[in-house]
Amino acid sequence: MKKEIAINGRFLSQPLSGVQRYARELIGALDGVLSRAGAEVRPSVTLCVPPNVQPTALPDGLKIVKIRQAGRLTGHLWEQLELPRLARDAVLVSLTNSAPFLHTRQLVVIHDAAIRAHPSDYRWAYRTWYRILYATLRRTSARFVSVSAFSAAEVTHHFGVAADRIAVVPNAAEQFERLPPDCSILRRLHLPKRGYILVVGGRSGRKNLALVGQALAHLERCPPLVVAGGGASRAFAAKVSGMPGSVFLDHVSDGAIKALYEHALCLVFPSRYEGFGLPPLEAMACGCPAIVSRAASMPEVCGDAALYCDPDRPDMLAANIRLLATDPALRARLIERGARRARLFSWESSARKLLEAASARA
């Protein structure tokens, strides 16, 4: 009998962030892997989608993965009550942290354990729901996926999931290679090429943006700062808004982000906690040197292709910014290493790992 895999498509009704991008890219890559496999050996894969997902949000260009939009409920209720019926006897794959309690065979991606490691970044109700969900899933026959060895260890430590029940299926950034940059954002903001510092990310406390403001205060000549992705809290914005040329952007298009990466002096990513840490890998794929904190998953992802700083040492971050601004040979070496590092991660490789993990549940 042909193996059946169902993918939880609830994420398509949600705003696009890192976990939703992970799901979209994996589904596209999985479709490509399946299209190159023989019809007699490839499993039947169906993306199950709730009724409130707009047609424009559905993945396009899929050749093998079927899309089934069905049900009357939405949100958690659709996921918990209707999705198990839609998946029936298939292995259910949930890619964005959430999954139904009741399904006999399923594979659940947990991207990190931030709700336990940094609980103050989340509302009480959110933390409580996911703690109950993971505690329940741990007691079922579900298997799990995380995005790095660091994150897998965190899932074991904080949620009690045995290490041998977790596979690692990492992120990638190769989509930036085929994406045209939107350089109009550089002209609109009057940004000098290789003359500004870029910060990309959210505003939660674990992102540690306060370190950036403290580091810039150590610099004799402070380059303009560009914060993209809605990552500036009011307190951080107030601290650095007086610095010449500081720019705060809400969510911007992928093309604009690529242009910002390509023309920045460097990306600064001082986060204290990341399950994977996608912006440094994106920066490397776009030829942008990265300065990251030596914490969590960053050394695993970045290897020798980034400069590191202590997340509590603004002077160390400032020294690294100064190095990149004054040593073009170092900057060139990091760009070369970054390009090699980014190529170690691919969505096709990750899709194959996901398919292997899902097939083991069939």
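Take the residues in region 341-359 that are hydroxyl-bearing (Ser, Thr, Tyr) and in a helix (DSSP H, G or I); name whichever of them is farthest from residue 285 (Cα to Cα).
Restricting to residues being hydroxyl-bearing (Ser, Thr, Tyr) and in a helix (DSSP H, G or I), the top hit is 359.
Within region 131-142, restricting attention to residues that are in a helix (DSSP H, G or I) and of a type in the set (Lys, Arg), which residue is farthest from residue 107 (Cα to Cα)?
Restricting attention to region 131-142, the residues satisfying the condition of being in a helix (DSSP H, G or I) are 131-138.
Those still in the list that are of a type in the set (Lys, Arg) too: 131, 138.
On the way: 131: 17, 138: 11 Å.
Here the answer is 131.
Step by step: first the residues of region 34-48, then only those that are touching a helix residue (DSSP H, G or I) at 6+ places or on another chain (Cβ under 7 Å) and in a loop (DSSP other than H, G, I, E, B), then the one that is least open to solvent (accessible area, probe 1.4 Å). Which residue is that? So that I can check it myself, show each step before the final result.
Residues of region 34-48 touching a helix residue (DSSP H, G or I) at 6+ places or on another chain (Cβ under 7 Å): 42-43, 45, 47-48.
From what's left, in a loop (DSSP other than H, G, I, E, B): 42-43.
Values: 42: 52, 43: 15 Å².
The residue in question is 43.
Six or more apart or on different chains, Cβ atoms under 6 Å: show the pairs whose first residue is in region 192-214 and assigned to a helix (DSSP H, G or I) and whose second is open to solvent by 30 Å² or more (accessible area, probe 1.4 Å).
Note: pairs meeting the criteria are 205/121; 206/118; 206/121; 206/272; 213/239.
Looking at 296, 318, can you tell me which residue is at positive phi and either in a helix (DSSP H, G or I) or crowded, with 23+ Cβ neighbours inside 10 Å (or both)? Step through it out loud before you land on a result.
On the way: 318 fails: at positive phi.
Answer to the check: 296.
In region 63-91, how many residues are in contact with a helix residue (DSSP H, G or I) (Cβ under 7 Å, 6 or more places away or on another chain) and either hydrophobic (A, V, I, L, M, F, W, C) or surrounded by 17 or more Cβ atoms within 10 Å (Cβ to Cβ) (or both)?
8
Working carefully through the options 324, 278, find the one that is open to solvent by less than 10 Å² (accessible area, probe 1.4 Å) and either at pLDDT 95 or above or aromatic (Phe, Trp, Tyr) (or both). Break it down stepwise before answering.
Working: 278 fails: open to solvent by less than 10 Å² (accessible area, probe 1.4 Å).
Criteria check complete, one pass: 324.
What's the total number of residues in region 25-49 that are over 23 Å from the mean Cα position of the chain (by Cα) and of a type in the set (D, E, K, R)?
Residues meeting the conditions: 3.
Tell me, please, whether a residue that is modelled with pLDDT of 95 or more, part of a helix (DSSP H, G or I) and among the basic types (Lys, Arg) can be found in region 263-274.
No, region 263-274 contains no residue that is modelled with pLDDT of 95 or more, part of a helix (DSSP H, G or I) and among the basic types (Lys, Arg).
Testing residue 60 on (1) open to solvent by 30 Å² or more (accessible area, probe 1.4 Å); (2) at pLDDT 95 or above; (3) under 30 Å from residue 229 (Cα atoms), one condition comes back false. Which one is that?
Going through the list (1) open to solvent by 30 Å² or more (accessible area, probe 1.4 Å); (2) at pLDDT 95 or above; (3) under 30 Å from residue 229 (Cα atoms), residue 60 breaks only (2).
Looking at 248, 236, which one is surrounded by fewer than 19 Cβ atoms within 10 Å (Cβ to Cβ), farther than 21 Å from residue 285 by Cβ and modelled with pLDDT under 95? It would help to see each step written out before you state the result.
Working: 236 fails: surrounded by fewer than 19 Cβ atoms within 10 Å (Cβ to Cβ).
Unique residue meeting the criteria: 248.
Would you check which residues across region 162-183 are outside any loop (DSSP other than H, G, I, E, B) and either within 22 Å of residue 149 (Cα to Cα) or touching a residue at least 60 places away in the same chain (Cβ under 8 Å) (or both) and list them?
163, 164, 165, 166, 167, 168, 174, 175, 176, 177
So which of 360, 342, 332 is open to solvent by 20 Å² or more (accessible area, probe 1.4 Å) and either more than 29 Å from residue 30 (Cβ to Cβ) or at pLDDT 95 or above (or both)? Reasoning before the result, please.
On the way: 360 fails: either more than 29 Å from residue 30 (Cβ to Cβ) or at pLDDT 95 or above (or both); 342 fails: open to solvent by 20 Å² or more (accessible area, probe 1.4 Å).
From the options 360, 342, 332, the qualifying one is 332.
Of the residues 286, 302, 309, only one is at pLDDT 95 or above, over 19 Å from the mean Cα position of the chain (by Cα) and crowded, with 22+ Cβ neighbours inside 10 Å; which?
Values: 286 fails: over 19 Å from the mean Cα position of the chain (by Cα); 302 fails: over 19 Å from the mean Cα position of the chain (by Cα).
Result of the check over 286, 302, 309: 309.
The values are calculated or read from the model by the stated rules, or taken from the named source; none is laboratory data. These numbers were taken from a predicted model, which means no experiment stands behind them. Using ideal geometry, Cβ is built from the backbone for each residue, glycine included, and neighbour counts are taken over all protein chains shown. Surface accessibility is based on the protein's heavy atoms, side chains included, excluding ligands, DNA and RNA. Shrake-Rupley method; radii C 1.70, N 1.55, O 1.52, S 1.80 Å.
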